[in-house]
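J.: Here's a structure for you.
The values are calculated or read from the model by the stated rules, or taken from the named source; none is laboratory data. Predicted, not measured: the structure shown is a model, and the values here were computed from it. Cβ atoms come from the backbone with ideal geometry, glycine included; neighbour counts cover every protein chain shown. These accessible areas exclude ligands, DNA and RNA; they are computed on the full protein's heavy atoms, side chains included. Shrake-Rupley method; radii C 1.70, N 1.55, O 1.52, S 1.80 Å.
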Amino acid sequence: MLYRTMPKNGDTLSALGFGCMRLPMQDGKVDEARAIAQIRSAIDGGVNYLDTAWPYHHGESEIVLGKALRDGYREKVKVATKLPSWLVKDRADMDRYLNAQLERLGVSCIDYYLVHALDGPLWDTVHGLGVLEFLEAAKADGRIANAGFSFHGLAEDFKRIIDAYPWTFCQIQYNYLDETYQAGTEGLRYAAGKGIGVIIMEPLRGGNLGLITAPPAVQAIWDESPVRRTPVEWALRWVWNHPEVTLVLSGMNEEAHITENLAIAGSAEAGSMTPQELELVARASAKYRELMKVRCTGCGYCMPCPMGVSIPMCFETYNKMHMFGNIQEGKFLYALRMSGEIGGEGPGYASQCVACGQCMENCPQHIAIPEVLAELAAELEGPDFAQLQEAGRQLLRRTT
C-alpha cells in the first residue's frame, strides 16, 4: 500500500480508502458478516481510511462499520462520516445527527467529519443555520477531529465554499470523464493550492469505468498499450497520477474488488503515467462520453421513487445497452429486470414516472431524470415490449 499525507494535519493515509456506500447485500439488507469481513480484510491489507454517511443503506452502513471497528480495528484507522445537510432544519439538528452517528459507529470521536453533498444553495442554507459554529464547537469538545465537506455543485460555488472556512479536507467526484464536471480539475488544484486535502469519490463513475470487459470501442484503445491493464487499473491509476489527490475512495463490495484495488494501490505513484498513456486515457474518455446515455453513478440518492421506478437500474441498463451495442439484448434484460418478478419489489419501469420531480431534488449529478426516463421508455418500451415481457416470464418459469 502506498500512503499520502493530509497536508494540514500530517496524517499518513492509505492512497486507497474504503467507501461504505455500496456494501454487499442479501435479502434487501446489508450482508453484515460479509461486509465486516471485507472491511477488515481491506484494513489488514493496509487501508486506514473508512468512509460512510448517515443515509448509506438507510443507516445500516454506519452501524455495520461500527461493528467492523471492534476487536482492535478502531485503533488502526481513520473514520469519516457526514452530516446529512439537506435534512438539517436548525442548529440543534446538527448536534442531534452527530451524536446519533457517534452512537451508531460506537466511537467517541469521528476523525474526518464532512458536511455532506454541498452545492451553492445548500451551502447558503446550512451556513445561515450556523454550520461553521457547529463544526468549531464539535472540534472543541472532541466529537470530531477534522472538518471537511463533500461537493456536488458548480465550480464557482466550490471555490467560495473552500474560501469560507479553514477546512482540513474536501471530497469531490473525479475521474477521467469528469475533468470539467462539478469541481473538476480546476477545483482539485484550487483546493490543493490552499493546502486542503482532497478525497476523491466516484473514481470509476459508479462502476461504469471498471467493467470487467470494456465496451469494444474502448477496449480497442486500451489494446494499443504495450502494458496490459484492466479498465479498473486504467481509471484508478489516472486519478492517483495527480499529486494533488490525497486519497481515492472505492466502494468495494466483492472480495475480488478488494484484492485488485489493493494491488493497484501498491504501485500507482503520482506522476507515474507516461504522456502516451495519458493520451490513451483521453481518447478512451472521449469514446465513453460518445457512448454513454446518462451521467448516472448509481448512488441511489434518487430513491425511493414514489411511483416505484427503479431509476438507477433503468439507467444502468440503458447505458450498458448503448455502450456495448446490444440493443435487442438490452431491451430484453430491461423487460426482465424491471418486471419485479426478480426480487419481488414490484415493477419499476421508466414509463411509471409521472414527472413529480422528487428524484431531481436529491440527484447529486443534477440529471433531468424525468426527461431521461421518458426517452428511455420511448426506446425500450416500444411495440415489441409486451412480447419481450412474455419471453422473460417464460424464461423465469423454466428456471424456477
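J.: Whether any residue in the stretch 96-112 is open to solvent by 10 Å² or more (accessible area, probe 1.4 Å), part of a strand (DSSP E or B), within 16 Å of SER14 (Cβ to Cβ) and not hydrophobic (A, V, I, L, M, F, W, C) is what I want to check.
T.: Taking the stretch 96-112 as the starting set, the residues that turn out to be open to solvent by 10 Å² or more (accessible area, probe 1.4 Å) are 96-97, 99-100, 102-104, 106-109, 111.
Subsequent filtering for residues that are part of a strand (DSSP E or B) retains 111.
If we keep only those that are within 16 Å of SER14 (Cβ to Cβ) too, we end up with 111.
From the residues that got through so far, the ones that are not hydrophobic (A, V, I, L, M, F, W, C) too are 111.
The answer is yes, given that some residue of the stretch 96-112 is open to solvent by 10 Å² or more (accessible area, probe 1.4 Å), part of a strand (DSSP E or B), within 16 Å of SER14 (Cβ to Cβ) and not hydrophobic (A, V, I, L, M, F, W, C).
J.: Inside the stretch 265-308, can you point out the residues that are in contact (Cβ under 8 Å) with a residue 24 or more places away in the chain and of a type in the set (Val, Ile, Thr)?
T.: Within the stretch 265-308, VAL281, VAL294, THR297 qualify.
J.: Could I ask something else about it? I'd like to know if the stretch 47-62 contains one or more residues that are farther than 22 Å from GLN171 by Cα, modelled with pLDDT of 95 or more and open to solvent by less than 40 Å² (accessible area, probe 1.4 Å).
T.: So far as the stretch 47-62 goes, no, none of its residues is farther than 22 Å from GLN171 by Cα, modelled with pLDDT of 95 or more and open to solvent by less than 40 Å² (accessible area, probe 1.4 Å).
J.: If a residue must be in a helix (DSSP H, G or I) and in contact (Cβ under 8 Å) with a residue 24 or more places away in the chain, how many such residues does the stretch 30-46 contain?
T.: Initially, the stretch 30-46 is screened for residues in a helix (DSSP H, G or I), giving 32-44.
Next, only the ones that are in contact (Cβ under 8 Å) with a residue 24 or more places away in the chain stay: 32, 35-36, 38-43.
Residues in the stretch 30-46 being in a helix (DSSP H, G or I) and in contact (Cβ under 8 Å) with a residue 24 or more places away in the chain: 9 in total.
J.: So which helices (runs of 4 or more DSSP H) stay within the stretch 245-356 end to end and still have 1 or more residues that are within 30 Å of VAL47 (Cβ to Cβ) and of a type outside the set (D, E, K, R)?
T.: 255-265, 275-291, 311-324
J.: Separate question: Looking only at residues in the stretch 179-198 that are in contact with a Ser or Thr (Cβ under 9 Å, 6 or more places away or on another chain) and open to solvent by less than 20 Å² (accessible area, probe 1.4 Å), which one is farthest from LEU278 (Cα to Cα)?
T.: ILE196
J.: Still on this structure: Are there any pairs with C-beta distances below 9 angstrom linking a residue in the stretch 176-203 that is of a type in the set (Ser, Thr, Tyr) to a residue that is assigned to a strand (DSSP E or B) and surrounded by 18 or more Cβ atoms within 10 Å (Cβ to Cβ), with the two at least 6 apart or on different chains, and if so which?
T.: TYR181/GLN173
J.: Within the stretch 173-195, is there a residue that is part of a strand (DSSP E or B) and within 17 Å of the chain's Cα centre (by Cα)?
T.: Quick first cut of the stretch 173-195, residues part of a strand (DSSP E or B) only: 173.
With the extra rule that they be within 17 Å of the chain's Cα centre (by Cα), the set shrinks to 173.
There is at least one residue in the stretch 173-195 that is part of a strand (DSSP E or B) and within 17 Å of the chain's Cα centre (by Cα).
J.: For the stretch 53-62, give me each residue that is on the phi < 0 side of the Ramachandran plot and touching a residue at least 40 places away in the same chain (Cβ under 8 Å).
T.: Within the stretch 53-62, ALA53, TRP54, PRO55, SER61, GLU62 qualify.
J.: When you check VAL281 against the structure, is it modelled with pLDDT of 95 or more and closer than 30 Å to GLU361 by Cβ, yes or no?
T.: Here the answer is no, as VAL281 does not meet what is asked.
J.: What are the residue pairs meeting all of these: first residue in the stretch 123-142, first residue aromatic (Phe, Trp, Tyr), second residue surrounded by 14 or more Cβ atoms within 10 Å (Cβ to Cβ), Cβ atoms under 6 Å, and 6 or more apart or on different chains?
T.: TRP123/ILE161; PHE134/MET94
J.: Here's a follow-up. Please list, ordered by first then second residue, the pairs with beta carbon atoms under 8 Å, 6 or more apart or interchain, first in the stretch 151-166 and aromatic (Phe, Trp, Tyr), second open to solvent by less than 10 Å² (accessible area, probe 1.4 Å) and part of a loop (DSSP other than H, G, I, E, B).
T.: Note: pairs meeting the criteria are PHE151/ALA183; PHE158/ALA183.
J.: Please verify whether the stretch 332-353 includes one or more residues that are within 18 Å of LEU388 (Cβ to Cβ), among the aromatic types (Phe, Trp, Tyr), touching a Gly at 6+ places or on another chain (Cβ under 8 Å) and open to solvent by 10 Å² or more (accessible area, probe 1.4 Å).
T.: As a first pass, look at the stretch 332-353 and keep what is within 18 Å of LEU388 (Cβ to Cβ): 332-342, 347-352.
Next, from what is left, pick out any that are among the aromatic types (Phe, Trp, Tyr): 332, 334, 349.
Pick out the ones that are also touching a Gly at 6+ places or on another chain (Cβ under 8 Å) and you get 332.
In the following step, the residues that additionally are open to solvent by 10 Å² or more (accessible area, probe 1.4 Å) were identified as 332.
Scanning the stretch 332-353 turns up at least one residue that is within 18 Å of LEU388 (Cβ to Cβ), among the aromatic types (Phe, Trp, Tyr), touching a Gly at 6+ places or on another chain (Cβ under 8 Å) and open to solvent by 10 Å² or more (accessible area, probe 1.4 Å).
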